[in-house]
Amino acid sequence: MNLNWYCLYLKPKQADIVSFYMRNAGIEYLYPICSYKKYVKGKTLEVFEELFPRYFFVRSTYQMVPKLRYFRGVLKIIGDSHGNPFAVQEEVIESIKGKMIDGVIKIGDKKFEKGDKVRITSGPFENLEAVFLEYKNANDRVNILLNLLNTQVVVEVEVGVLRKDS
C-alpha cells in the first residue's frame with residue numbers, strides 16, 4: 001500500500017469536524033496550529049491560529065483521495081484541473097511536524113538574541129531604540145538597555161512591545 005500526503009481545502013470553520021471524521025476513519029492527518037504571544041492593552045495573550053487556514057493534510061492512497069472529498073466539511077481536493085490530486089512531499093510534512101511541540105508550533109519564542117537592536121512599539125518609551133539584553137520570567141518580560149539622557153539604563157518591558165530594528 002503506497003501512502004502519500006495530500007492536501008484538502010476545507011469549508012470555513014470545519015477543521016474540528018473533519019478531524020473527527022478522519023480520526024474515526026483511521027486516516028492520519030495534520031492540521032498545524034501555531035501559537036504566538038500578542039501584547040494587547042498591557043497584557044500578553046497567547047493566540048492560537050491555523051498555520052495554513054483551511055488547508056488540511058491527509059496521508060492516504062491515491063485511489064482513496066477522491067473519496068475524501070465527500071467527508072463532511074471538505075470543500076475540495078488540491079490538485080490539477082483534471083481532478084488529479086497533488087501529492088505533498090514527505091519532507092514538507094516532516095519539517096512541519098518537527099517544529100511542533102504538543103501539537104502546536106510556537107512562533108516568536110525567543111526571537112531576540114543578546115545584543116540585537118530593537119525598537120519599542122508602544123508604551124511610555126514608544127519609538128525609542130534599545131539593545132536587547134535577556135529574557136526574564138517565562139519569556140513574557142525582557143531586559144533592554146535604553147539610552148536615556150546620555151545614560152544607559154536597564155529597563156524591563158513586555159516582549160510584545162519590541163520589534164527588531166534594522
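Only bridges whose two residues both fall in the chain count here: according to DSSP, what percent of them are antiparallel, nearest 5?
Numbers: 44 of 47 bridges.
Given both bridge residues lie in the chain, the antiparallel proportion sits at roughly 95 percent.
Let me have the 222 nm mean residue ellipticity of the chain computed from DSSP H runs of 4+ only, each contributing -39500 (n - 2.57), with the sum over all residues rounded to the nearest 500. The partial results should precede the final answer.
On the way: 3 runs with 24 residues, N = 166.
Mean residue ellipticity at 222 nm (helix-derived): -4000 deg cm²/dmol.
Could you work out the relative contact order of the range 1-95? I mean the mean sequence separation of Cα pairs under 8 Å and 6+ apart, divided by the number of residues, in percent.
Values: 154 pairs, mean separation 41.7, N = 95.
Across the range 1-95, relative contact order equals 44 percent.
Using Cα-Cα distances under 8 Å and only pairs 6 or more residues apart, what relative contact order does the range 48-166 have, in percent?
On the way: 130 pairs, mean separation 17.8, N = 119.
Dividing the mean separation by the residue count of the range 48-166 yields 15 percent.
Just need log10 I(q)/I(0) for the range 1-99 at q = 0.15 Å⁻¹, Debye formula, equal scatterers on the alpha-carbon atoms, no solvent, rounded to two decimals.
For the range 1-99 at q = 0.15 Å⁻¹, log10 I(q)/I(0) is -0.63.
Ordered by packing density, taken as the mean number of other Cβ atoms within 10 Å over each peptide's residues, highest first, how do 24-33, 148-157, 57-66, 120-129 rank?
Details: 24-33: 14.8, 148-157: 11.0, 57-66: 16.5, 120-129: 13.1.
Going by the mean number of other Cβ atoms within 10 Å, highest first, we get 57-66, 24-33, 120-129, 148-157.
Is the range 68-166 best put as rounded, prolate or oblate by its Cα gyration tensor, with a ≥ b ≥ c the root eigenvalues, rounded for a/c under 1.5, and otherwise prolate when a/b is larger than b/c, oblate when not?
Working: a/c = 3.51, a/b = 3.10, b/c = 1.13.
Prolate shape, in that a/c is at least 1.5 and a/b is the bigger ratio.
The range 115-166: D in µm²/s via Stokes-Einstein (Kirkwood Rh, Cα pairs, 25 °C, 0.890 mPa s)? Could the numbers behind the result be given before it?
Details: Rh = 10.8 Å.
Stokes-Einstein gives a translational diffusion coefficient of 227 µm²/s.
Give me the tail of P(r) for the range 58-99 as a percent: Cα-Cα pairs with distance above 11 Å.
Details: 604 of 861 pairs.
Tail fraction, whole percent: 70.
Using modelled amide H (1.01 Å from N, peptide plane; none on Pro or chain starts), what sits under 5 Å from the amide H of SER122, excluding residues fewer than 5 places away?
Placed amide hydrogens put ASN127 under 5 Å from SER122.
Measure off 7 Å from each Cα along the Cα-to-Cβ vector at GLU91 and LEU149, then give the distance between these two points in nanometres to one decimal.
That separation, rounded to one decimal, is 5.8 nm.
List the lysines whose Cα sits under 27 Å from the Cα of LYS114, skipping any in the same chain fewer than 8 residues away.
Result set, ordered by chain and number: LYS37, LYS38, LYS41, LYS43, LYS99, LYS106, LYS136, LYS164.
Of (i) 52, 34, 28; (ii) 70, 30, 29; (iii) 58, 43, 27, which is the value of Cα extents along the principal axes in Å derived from the coordinates here?
The listed entry that was calculated here is (ii).
Taking the Cα centre of the chain as origin, sum charge times position over the Cβ atoms of Lys and Arg (+1) and Asp and Glu (-1), and report the length of that vector in debye to the nearest 20.
Working: 25 positive and 20 negative charges, 116 e Å.
In total the dipole reaches around 560 debye.
Each value in this text was obtained by applying a stated rule to the coordinates, not by laboratory testing. None of the values given here were measured: they were computed from a predicted structure. Cβ: placed from backbone, ideal geometry, glycine included. Neighbour counts: every protein chain shown.
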